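Reading through the structure tokens given below for one structure.
The values are calculated or read from the model by the stated rules, or taken from the named source; none is laboratory data. If you're wondering where the values come from, they're calculated on a predicted model, not measured in any experiment. Cβ placement follows ideal geometry from the backbone for every residue including glycine, while neighbour counts extend to all protein chains displayed.
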Amino acid sequence: MGLLLPLLPLTGFAWGPTGHRVVAEIAYQHLTPEARKAITALLGRQPLAMIANWPDFIKSDTTHKYDHTSSWHYMDFPGNISREKFNALLAAGKSGHLYDETLAMIKQLKSATATKEQKIFALTFLVHLLGDMHQPLHVGRDEDQGGNKISVFWFNQPTNLHRVWDEHLVEFQQLSYTEYARALDIEPAAKVKQLQSGSIQDWMYESHILSDKIYAKTREGDKLSFRYNYWFLDNLNQQLLKGGLRLAAVLNGIFK
């Protein structure tokens, strides 16, 4: 499978290319030797960060081979719901969405019978989906398609709320993915362990709670710029860091 497709149009990304690579780069720095060895056996010398965007690149595949994966990147919920309601919706969720496909990729990587090609596919999607679930609007609200239907302005340029979180906020920091990863990955070991704790359900609910905060502070037609970056920069950075650290924890658990 061709994992690097740099000439395809860069549209519809969660976190955008830079954000997904930040998550993957942070994860790589926290892999155990066993996990690194197993991943190298699958990818060769290809960096983890360079496969992180492939599940978005394939949205432009004209053969439509991967159309069924489009819904894997998100899972929508009503706003301001309790943890109990959230858990119930996860349990009752349709197949082919973020939660169940994340679990499916983990299962595939643990499988003793899966082929190398199947495991590369699963690894690539797992890297991406752990990033997606930490972009809060990928566990946002159905009625506005995770903010895609909320039109706003970013420094006077028309866009939508989802894209602000996918791309604009990350790119506004003007850092390469390696610079950004190094800037964020500075927590002591005890804090890293704390951030890696919990379950996939916990992490998704945490992101969903953040989406409620975003919806509360953003309205149709808002003109977003420096103040919006000030409001949400800490949240943005924490989500990128958590995504990377938690991806590492999942991969280390798979490749023991």
Exercise. Val170 passes all but one of (1) surrounded by 13 or more Cβ atoms within 10 Å (Cβ to Cβ); (2) aliphatic (A, V, I, L, M); (3) out of contact with any helix residue (DSSP H, G or I) (no Cβ under 8 Å at 6 or more places or on another chain); which number fails?
Worked result: (3)
Problem set entry | Check on Tyr180, more than 21 Å from Gly140 (Cα to Cα), surrounded by 12 or more Cβ atoms within 10 Å (Cβ to Cβ) and within 17 Å of the chain's Cα centre (by Cα) | yes
Seminar exercise, completed: Within the range 44-58, the residues that are part of a loop (DSSP other than H, G, I, E, B) and surrounded by fewer than 21 Cβ atoms within 10 Å (Cβ to Cβ) are Gly44, Arg45, Gln46, Pro47
Exercise. From the list Leu109, Leu126, Leu89, Leu98, which residue is crowded, with 19+ Cβ neighbours inside 10 Å and more than 16 Å from the chain's Cα centre (by Cα)?
Worked result: Leu109
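Can you pull out every residue in the range 106-137 that is under 18 Å from Lys65 (Cβ atoms) and either hydroxyl-bearing (Ser, Thr, Tyr) or in contact with a His (Cβ under 9 Å, 6 or more places away or on another chain) (or both)?
Answer for the range 106-137, where residues must be under 18 Å from Lys65 (Cβ atoms) and either hydroxyl-bearing (Ser, Thr, Tyr) or in contact with a His (Cβ under 9 Å, 6 or more places away or on another chain) (or both): Thr115, Thr124, His128.
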For this session: Looking for whichever is modelled with pLDDT under 95 and hydroxyl-bearing (Ser, Thr, Tyr) here; the options are Ser95, Ser151. Which one fits?
Result: Ser95
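Residue under question is Thr40, and the condition is that it be modelled with pLDDT of 95 or more, crowded, with 22+ Cβ neighbours inside 10 Å and either outside any helix (DSSP H, G or I) or not aromatic (Phe, Trp, Tyr) (or both); does it hold?
Answer is no for this residue.
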Problem set entry | Evaluation of Leu130 against (1) in contact with a Lys or Arg (Cβ under 9 Å, 6 or more places away or on another chain); (2) among the aliphatic types (A, V, I, L, M); (3) outside any helix (DSSP H, G or I) (one fails), failing number | (3)
For this session: Answer yes or no as to whether Val127 is in contact (Cβ under 8 Å) with a residue 40 or more places away in the chain, β-branched (Val, Ile, Thr) and in contact with a strand residue (DSSP E or B) (Cβ under 6 Å, 6 or more places away or on another chain).
Result: no
Exercise. For the range 155-256, list the helices (runs of 4 or more DSSP H) that sit wholly inside it and hold at least 1 residues that are touching a strand residue (DSSP E or B) at 6+ places or on another chain (Cβ under 9 Å), of a type outside the set (Ser, Thr, Tyr) and modelled with pLDDT of 95 or more; which are they?
Worked result: 169-172
Seminar exercise, completed: From the option list Leu123, Leu90, single residue qualifying as modelled with pLDDT under 95 and outside any loop (DSSP other than H, G, I, E, B) is Leu90
Problem set entry | First in the range 74-91 and without any contact (Cβ under 8 Å) to a residue 60 or more places away in the chain, second anywhere and assigned to a loop (DSSP other than H, G, I, E, B) and not acidic (Asp, Glu), Cβ under 9 Å, 6 or more apart | Lys85/Phe77; Lys85/Pro78; Leu89/Met75; Leu89/Phe77; Leu89/Pro78; Leu89/Ile81
Exercise. Among the numbered criteria (1) more than 17 Å from His138 (Cα to Cα); (2) without any contact (Cβ under 8 Å) to a residue 60 or more places away in the chain, which single criterion is violated by Ala49?
Worked result: (2)
For this session: Find all pairs meeting these conditions: Cβ atoms under 9 angstrom apart; at least six residues apart or on different chains; first residue within the range 1-30 and on the phi < 0 side of the Ramachandran plot; second residue modelled with pLDDT under 50.
Result: Pro17/Leu10
